[in-house]
1. Can you tell me which residues in the stretch 457-474 are touching a strand residue (DSSP E or B) at 6+ places or on another chain (Cβ under 6 Å) and under 17 Å from residue 522 (Cα atoms)?
2. Counting only residues that are assigned to a loop (DSSP other than H, G, I, E, B), surrounded by 15 or more Cβ atoms within 10 Å (Cβ to Cβ) and touching a helix residue (DSSP H, G or I) at 6+ places or on another chain (Cβ under 8 Å), which one in the stretch 296-336 is modelled with the lowest pLDDT?
3. On the basis of being on the phi < 0 side of the Ramachandran plot, buried (at least 23 other Cβ atoms within 10 Å of the Cβ) and not in a loop (DSSP other than H, G, I, E, B), does residue 249 make the cut?
4. Considering the stretch 45-62 alone, what residues qualify as being modelled with pLDDT under 95 and part of a helix (DSSP H, G or I)?
5. Residue by residue through the stretch 259-280, note down the ones that are farther than 18 Å from residue 319 by Cα and part of a helix (DSSP H, G or I).
6. Would you say residue 65 is assigned by TED's automatic domain parsing to the domain that holds residue 266, within 23 Å of the chain's Cα centre (by Cα) and under 18 Å from residue 207 (Cα atoms)?
7. Taking residue 274, is it free of Cβ contacts under 8 Å to residues at least 60 places away in the same chain and either buried (at least 24 other Cβ atoms within 10 Å of the Cβ) or closer than 25 Å to residue 369 by Cα (or both)?
8. Only residues that are in contact (Cβ under 8 Å) with a residue 60 or more places away in the chain and either closer than 22 Å to residue 171 by Cβ or not in a helix (DSSP H, G or I) (or both): list them for the stretch 212-232, please.
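The values are calculated or read from the model by the stated rules, or taken from the named source; none is laboratory data. Please read these numbers as outputs of a predicted model, since none were measured by experiment. Ideal geometry is used to build each Cβ from the backbone, glycine not excepted, and the neighbour counts take in all protein chains shown.
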């Protein structure tokens, strides 16, 4: 190895005969056909299903356990003019699902109310004080979104106060479920629903679909809510396949074409001028919406998604933009402090394979989840960051690598926690400051074997390609397999034995290479954040792992390689041994 490469490259298995049959049968470029076959579409019918949109036929929403009773209860509340309140979470999924329910129920002639708890004052999920206030206000039907699956005491309290509660959630349930009128969660062990990857806004959309199916309205009009579902699904890192893929495709189309006033205003302040993709949501829209719940009042995010007043939409969008800039400053400070703490702590050194568990009384609880994600990216192991208040109560956020279920691991440490919940990749917890050392030790013990199995970073490549024939039309054809994200990663390609013509740094820490193969045109490769590769030896061929993108400049288009990893080319004997 002549220069750093920290990933193990894995090639997906391929079938040359199937690639040829798919390419010829559907009129596809061999690169597109190779990706389809590598990902399991071995026939023309299977490949066609991927191209036209897997999951176009949506599963019956009544397969969700409790759905029938839920829509009947909602209908009774509508007919009898009961007071309905939506209790949401303060992240994108919670606020988008809250807005979806409010819009849908308002269309039925209701005047639903909503409540978003304050992250710092109340914390995640249902809380007893809020439940008491809601019950005393005359609300008879409480509908949760993105919370409630593990709220045992709070739901028992609601039941004792005469509240019917319909839980709409997707967090992992425990072996037993809390008392509620219904718990709509695709992750329930007794659920007959075929797809567990719905976010809470997706579950809310299924509730609206089921209600519409039962009570005789057209389901078609519900598609106007798919921009909210796409927003939440992408922001919550839900898998972008099965029915999520169809919902995201339609939602992105609506986001790109205008639609919801508040999101148009947010696109404007975020600098998105028209077409809106997965990255635009993940890196521009979602952080601004989340900023409301992190540093301000998440109810402002719901207001933005509901408003029909242009002045209000503009003011709310600008307010979220300011909060996001403030969030970035706080995040940078906490990240630097966390890295310093990690480097100096004897039980959390960067050379170990243990999960990272750090806590501080100076950290803002609104950014610890983002910083945990940064540490996972940097050190490739699970990270739990805990913000402790003056009373010694800590609120923590956990993030993980793909191969380690952090929620399951934290669940095995529950004796040290006051509360917890989440998904395989992300979780939240409440803990007393004095219990953190015991929790850290227990989590390291629980995750020792999963981390051992997950040791090493892997980069999965879909196909080996040649520089010749790479045209923008090919990139657009490959893009038809999207949208890409969690569960449907962007196609990755391997190019061998290229020669580097020039190397230069762009911006703060980005790498730009000019390369040429044995045949075909010169290629440009851009490596975001890959400044560590800047001292490359220019002699000798290199292999690249990269994705493909279109670069437009002065009215012309070309294909650019988005670099993911780089290494010295293997000699012929090494290639044969792979």
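1. Once the filter is applied, which keeps residues that are touching a strand residue (DSSP E or B) at 6+ places or on another chain (Cβ under 6 Å) and under 17 Å from residue 522 (Cα atoms), the stretch 457-474 yields 465, 467, 470, 472.
2. First pass over the stretch 296-336, keeping only residues assigned to a loop (DSSP other than H, G, I, E, B): 296-298, 307-309.
Checking the rest, the ones that are also surrounded by 15 or more Cβ atoms within 10 Å (Cβ to Cβ) come to 296-298, 307.
Narrowing further to those that are touching a helix residue (DSSP H, G or I) at 6+ places or on another chain (Cβ under 8 Å): 296, 298, 307.
Details: 296: 92, 298: 95, 307: 97.
By that ranking, first place goes to 296.
3. Working: on the phi < 0 side of the Ramachandran plot: yes; buried (at least 23 other Cβ atoms within 10 Å of the Cβ): no; not in a loop (DSSP other than H, G, I, E, B): yes.
Here the answer is no, as residue 249 does not meet what is asked.
4. Those that are modelled with pLDDT under 95 and part of a helix (DSSP H, G or I): 45, 46, 47, 48, 49, 50, 51, 52, 53.
5. Within the stretch 259-280, 278, 279, 280 meet the criteria.
6. On the way: assigned by TED's automatic domain parsing to the domain that holds residue 266: yes; within 23 Å of the chain's Cα centre (by Cα): no; under 18 Å from residue 207 (Cα atoms): yes.
No: the conditions fail for residue 65.
7. On the way: free of Cβ contacts under 8 Å to residues at least 60 places away in the same chain: yes; either buried (at least 24 other Cβ atoms within 10 Å of the Cβ) or closer than 25 Å to residue 369 by Cα (or both): no.
Criteria not met by residue 274.
8. Matches in the stretch 212-232: 215, 225, 228, 229, 231, 232.
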